[in-house]
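Only the coordinates and a few stated rules stand behind these numbers; no lab work does. None of these values were measured; they are calculated from a predicted model. Virtual Cβ from ideal backbone geometry, glycine too; neighbours counted across all protein chains shown.
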Amino acid sequence: MKIIDITIRHLQMKLKAPFTTSFGTFTNKDFLLLEAKDQDGTIGWGESVAFHSPWYNEETLQTNWHILEDFLIPLILNKEINHPDEISELFAPIRKNNMAKSTIEGAIWDIYAQQTNQSLASALGGTKDKIEVGISIGIQKSIEDLVALVDEYVKEGYKRIKVKIKPGWDVEVMRTLRENFPNVAIMADANSAYRLEDAELLKQLDEFDLTMIEQPLASDDIIDHSYLQKMLNTPICLDESIHSVEDARKAVELGSTKIINIKIGRVGGLTEAKKIHDYCEANGIPVWCGGMLESGIGRAHNVALTTLSNFILPGDTASSNRYWEKDIILPEVVAANGYIEVPQTAGIGYEVDREAVESFTVAKKHYK
Ligand code: OSB
Ligand code: MG
């Protein structure tokens with residue numbers, strides 16, 4: 001393939017309900033969409049999961065646009081590409097900026113899958129025809145509100161409930177949830193809100209039989225996570241700390257993590273995501289697919305990735321309608337009874353609703 005034309009759009013979509021983490025509250029989702037056109041006319045789509053502000057990692061919508069426009073797009077346009085695995089080599093001269101890289105790489109995987117007439121899931125080597133999913137719930141105004149929400153999602157059939165925690169919203173919250181939902185798989189995500197000195201507090205969570213605790217300590221730290229894991233019975237799952245298969249190997253060898261959350265954007269694309277998956281599979285580490293409040297396009301990529309065999313634990317890929325009044329793909333992603341059916345048509349498997357895309361676009365630029 002040869003990419004001859006790229007469009008970047010900045011979309012703004014209003015979340016149905018605000019989403020609060022240990023770092024702050026989102027009411028809108030601002031993100032970049034990338035549309036790439038091959039010389040044969042095939043179009044592929046990629047979504048940047050960088051947020052408007054750098055709270056989750058150092059990347060933002062604007063840094064992604066800059067890196068794409070000034071560095072990554074020039075490395076791709078009019079180059080002969082035989083397989084999407086080559087993209088990471090083309091991008092090797094550019095350090096980090098994984099979410100920016102992943103935005104183009106995702107579009108190229110979409111084109112490759114269409115040109116080889118297979119679903120993105122099959123192109124990646126995935127085998128499942130449906131995937132099991134859970135849901136991630138932000139910090140609420142009160143524990144009563146949280147219990148009511150969890151009850152709703154459990155009734156909808158989500159296979160695992162993840163709740164955000166932070167100092168002051170942790171042990172009592174998890175105790176109440178476990179009392180109310182004795183048989184539900186429950187986990188907590190701290191988004192780096194604690195320090196090793198909080199180990200005694202985090203140990204109290206062992207009582208509630210959580211499936212795991214996600215990213216309790218700093219995003220750039222795998223040493224203290226290894227000390228912490230030795231003190232806890234609850235398995236630690238790393239999210240923010242893992243950017244590559246090398247990070248995964250080091251964290252696993254140090255005993256810093258027993259489970260890994262794979263996010264395509266955070267690791268620089270589907271090729272690296274697959275490498276992490278394969279490494280974990282060979283080493284007995286279960287993985288699951290994380291989420292970044294994606295629109296339908298990023299969501300479709302997550303669905304495809306989750307069809308790989310070692311995605312053993314339910315991920316955060318919930319229904320489109322959990323986030324949006326209206327998504328930008330047709331049909332929308334639907335989780336029924338905790339399962340999403342994997343589309344079998346070529347490429348990402350969902351139609352992009354161009355009218356919806358345009359209606360949420362606040363800026364756009366073409367490159368050729
Ligand atoms: O840490 O997994 C996270 C949302 C935004 C940023 C980081 C995270 C999350 C979630 C929600 O937990 C996942 C989703 O529903 O897309
Ligand atoms: Mg997380």
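Before moving on, here are some points about what is shown:
- Net charge, Q115 excluded, C-beta distance under 15 Å - Lys, Arg +1, Asp, Glu -1: -4
- Cα-based Kirkwood hydrodynamic radius, the chain, one decimal, Å: 20.6
- Selection from L305, I285, Q118 lying farthest towards where the dipole of the chain points positive, charges on Cβ: Q118
- Order of E35, E246 under a 10 Å beta carbon neighbour criterion, fewest first: E246, E35
- Of all beta bridges that DSSP places with both ends in the range 234-358, some 40 percent have antiparallel geometry.
- Compactness relative to 2.2 N^0.38 Å, alpha carbon Rg of the range 1-133: 1.13
- In order along the range 126-139, the phi-based Karplus estimate (6.51 cos²θ - 1.76 cosθ + 1.60, θ = phi - 60°) of 3J(HN,Hα) comes to x, 10, 6, 9, 9, 10, 8, 10, x, 9, 10, 10, x, 5 Hz; Gly and Pro are listed as x.
- Against the chain, whose longest principal axis is taken from its Cα atoms, helix 245-254 shows a tilt of about 20°.
- In this Cβ point-charge picture (+1 for Lys and Arg, -1 for Asp and Glu), the chain has a dipole of about 220 debye about its Cα centre.
- Per-residue ellipticity at 222 nm computed for the chain from its helices equals -9000 deg cm²/dmol, with DSSP H segments shorter than 4 residues left out and the rest contributing -39,500 (n - 2.57).
- Between D220 and N82, the contour length at 0.36 nm per residue exceeds the Cα-Cα span by 46.2 nm.
- Cα-only Debye scattering, the range 138-196: base-10 log of I(q)/I(0) at q = 0.12, 0.19, 0.20 Å⁻¹: -0.26, -0.65, -0.72
- The HN-Hα couplings worked out from phi for the range 255-261 by the Karplus form 6.51 cos²θ - 1.76 cosθ + 1.60 (θ = phi - 60°) are x, 7, 8, 10, 8, 10, 8 Hz, whole numbers, x standing for Gly and Pro.
- Neighbourhood net charge (15 Å Cβ-Cβ; Lys/Arg +1, Asp/Glu -1) for K275: -3
- Local electrostatic count at M99 - Lys and Arg +1, Asp and Glu -1, tallied over other residues with Cβ under 15 Å: -4
- For the pair E246 and T127, label points projected 7 Å from Cα toward Cβ lie 3.2 nm apart.
- Rg and Dmax of the range 250-347, both derived from C-alpha coordinates alone, stand at 14.0, 44 Å.
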